[in-house]
Each structure stands twice: as structure tokens, then as C-alpha cells.
Amino acid sequence: FLRQLDAALTAEAQIVLIGGASAALAYHVTAVTRDVDAYGTLPAAVRRAIDRVNAAREVPIPVSSTPIAEVPYNYEARLVQILPSELIRLRVYVLERHDLVLSKVVRWDEGDERHVKEMHAISPLSYDVLTERFALEMKQAMGNPVTIRAHLLELVRELFGELAEVRASKRIGTRWSE
């Protein structure tokens, strides 16, 4: 799909993918996703190219743009470009894997948990990066801070064990959103 989109563009463009599609494309997660989530507003030229590509496909790929996402403050500095040698006009970026995990912690449904566990099984995540970035860069996350904190601690327990969960609880404090 991205190669077809690249071919349909007449000028350079960039998109930032979040969610399951980014986990699959960049981090080799095999869990199925039915759509592509792009962070930010898609340029009109990209939207038109998506429409042309989907019109020619037997099964269109839904692409939605999400102007608001729960991502760490400094995520832009850590974006990872994918498929640079395969695409001519389209520059595709994904969240760095710890940033992607933290974006999933806010909602933390079964699909998010599956993606994160598979990412960790393929290439272990860093306890220190996750907990420090959560404490310092996720303060703007919308939602109940107690619930979001509980999601992170559940993730830490699942990936790193109960002792790590206790350490993480102390590290991030009880009011990390202050």
C-alpha cells in the first residue's frame, strides 16, 4: 500500500504513522490491524493519492488522520523513518518504539497489550527508558492519571516482573501528572 501511495504522489510528502500499522511495519508485530492511523492532518495531496490508490484496490485500506494523540512530549526528536530506500516521494515516520508503547499505555486495551508484548519479545524494551519517559514526558496525557499510571505499572509487571513494578511505582510517584 505505501509503495502504491508513493507512486501515486506527484510531489514529496511525509506522514507519521501511529498505532498497529506502525507496530507492524517498523517493529515486525504480526497482530493484524485493519487500518492505518496517521498522526496529524494529512496534506490534501496525500489524501487525494490515498483515494486514488484505494479506488484501484480490491480491498481498500482505511487511512485516518488523528490530529490529537497521546504521545511523549519530545517524540518528534525520536521519530524513525521507515522504508527510505523503497519510497521515492513519500517519507514515512513512526514513533520510536518506547514512545509507541507509551502512546498505547493511555488506552491499554487487549490489542495494545498484544502489540507491546510482541514488540518486547522481538526486541526487549528498556525499563529505564519506559519509566523515565513516562514520568517526564507523559504529563499531558488526557484521562484519569490513576488509571493511566495503573496501565503503566501493569505493563512493567508483565514485561519486567513484580519487583520492577514496585520500583516503577516509586520512580514515577503517585501523582506523576503534577
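Annotations for the structure displayed:
- Unit Cα scatterers, Debye sum, the chain: log10 I(q)/I(0) for q = 0.09, 0.15, 0.16, 0.18 Å⁻¹: -0.34, -0.85, -0.94, -1.13
- Rel. contact order, % - alpha carbon contacts under 8 angstrom, at least six apart, the chain: 23
- Averaging the sequence gap over all C-alpha pairs within less than 8 Å and six or more residues apart, then dividing by the number of residues, gives the stretch 1-89 a relative contact order of 39 percent.
- Sulfur and carbon atoms: percent of accessible area, the chain [1.4 Å]: 53
- A 1.4 Å probe run over the protein chains yields, for the chain, 53 Å² of accessible area per residue, whole-number rounding.
- Estimated from helices alone, the mean residue ellipticity of the chain at 222 nm is -15500 deg cm²/dmol (sum of -39500 (n - 2.57) over DSSP H runs with n ≥ 4, per residue).
The values are calculated or read from the model by the stated rules, or taken from the named source; none is laboratory data. As the structure is a computational prediction, the values presented were derived from the model and not from experiment. Please note that ligands, DNA and RNA were not included when accessible areas were found on the heavy atoms of the full protein model with its side chains. Shrake-Rupley method; radii C 1.70, N 1.55, O 1.52, S 1.80 Å.
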